[in-house]
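The values are calculated or read from the model by the stated rules, or taken from the named source; none is laboratory data. Since the model is a prediction, treat every value here as computed from it, not as a measurement. All Cβ positions, glycine included, derive from the backbone under ideal geometry; neighbour counts span all protein chains shown. Accessible surface areas use protein heavy atoms only, side chains included; no ligands, DNA or RNA. Shrake-Rupley method; radii C 1.70, N 1.55, O 1.52, S 1.80 Å.
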Amino acid sequence: MTLSRRLAPVLGLFGLAGLVLAPSAIAQTPKVGVVGASSSWLARKAPECAPLYKSAGGGDVSSSNIWESAKVPVLAEHCRVLQQGVEAFRDQKYAVAIGLADKAEKLTPGFAGPWVVRGEANARWGKSSDAAASLEKARELEPRALDDAETLDDYGAALVRLGRLDDARKIYRALLPRVSGPQGLCGVKNECDAAGLAYLAAGALAFEGGPKALDEAVAILRESRAKSEPSRDIQRIAGLALALALDRRGDVDQAKELAANIATTKGVPTEINSEVRARLPSPEEALAFRAIGLESTDPVAALEGWKAYLAQGGDKRVWANHAKEHIAKLGKADVAKPKPKVP
């Protein structure tokens, strides 16, 4: 896959991995509960279903392969049940999805698809250990079982929550080049919060690499802003994370300008939402996002934010001195501020 020039700086940390994309499939989701037959996009999550479809005109659209379906009717049913499972976990019906995966496996044992469905359902359910184990079993059964962008995103999020950061980096290296396009996280749309959140998680992982990884963090977080929906929270949080990365890199003026613009237009969130915090290897980074944004409009709150960052674990991180420098500057500004006269 060829990356745009825009992504060139990212490849230092998140280059192309040696995974191969699954067969072409339709990037669309049918209505939950209305599945007469499985759709070809399912082959990205369940490679065993690929023989049921054939390419139509060499493009991304595939049609049913009637002969294969007729030869192995139980496989067609297996794939139809798995598609229901995918729809169920997308609809937050996690136990239902796992039950459907179990049903599909009983129909035709030994395939990767049921393990993928179990893994993604558990990842979204917050059962990270079960999610990782299931997805690793799927990969053991079929090396291409984790080619799907959505699957990689769920797997990467589970690994971050488990603290398996080196493994998470490998997954994001495979994911980022696949975020865009009809088979990516946004489908036919150019921007979506799922894509922005994936890049935001990858940028937060880059922060863990310390000063030497700041160029990568900046490049990745720029992509996070660009790929997020403009009117939603992910974009402004990605902007605050980018301002933090720029400031840590020494681009102080750029950081101030960006943070001030967000603070005076969209505003700094009262708190960073749980969906974002769950993607951060170090959750206290959310406090630093807010602190950098508040400095121009509410320096007292910013000072408290930096102190909270240190108190909640930041004092043990590579960025502790950076936070202490901000505390010192804000403290001096508070001392220098004229005190109101007492009548």
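Let's test the formula: R0 of 51 Å, r as the Cβ-Cβ distance of Glu325 and Val74. What FRET efficiency results, to the nearest 0.05?
The value I calculate is 0.20.
Multiplying the sequence separation of Ala278 and Val188 by 0.36 nm and subtracting their Cα-Cα distance, what value in nm do you get?
Net length gain for the segment: 29.7 nm.
Under a point spin-label approximation (7 Å from Cα along Cα-to-Cβ), what is the Asp298-Gln92 distance to one decimal in nm?
Inter-label distance under the simple model: 2.7 nm.
Beta carbons within 10 angstrom, averaged per residue: use that to sort the peptides 102-111, 218-227, highest first.
The most tightly packed comes first, giving 218-227, 102-111.
So if we plug the beta-carbon distance of Leu162 and Lys332 into 1/(1 + (r/R0)^6) with R0 = 41 Å, what FRET efficiency do we get, rounded to 0.05?
About 0.50, to the nearest 0.05.
Given H placed on each backbone N at 1.01 Å, which residues far from Tyr53 in sequence or on other chains put an amide H within less than 5 Å of it?
Close amide H contacts, sequence-distant or interchain: Asn65.
Could you work out what % of the accessible surface of region 198-343 is carbon and sulfur, using a 1.4 angstrom probe and leaving DNA, RNA and ligands out of the count?
Of all accessible area on region 198-343, carbon and sulfur atoms account for 52 percent.
What is the gain in length, in nm to one decimal, between Arg232 and Asp251 on full extension, counting 0.36 nm per residue of separation less the C-alpha to C-alpha distance?
Extra length from Arg232 to Asp251 when fully extended: 4.2 nm.
Using 0.36 nm per residue of separation minus the Cα-Cα distance, give me the extension gain between Trp125 and Asp315 in nm, one decimal.
65.3 nm
When ligands, DNA and RNA are left out and all protein chains stay put, how many square angstrom of accessible area per residue does region 135-249 have with a 1.4 Å probe?
Value returned for region 135-249: 33 Å² of accessible area per residue.
With the Cα gyration tensor of region 140-259 giving a ≥ b ≥ c as the square roots of its eigenvalues, does the rule (a/c under 1.5 for rounded; else a/b larger than b/c for prolate; else oblate) give rounded, prolate or oblate?
The shape class here is oblate.
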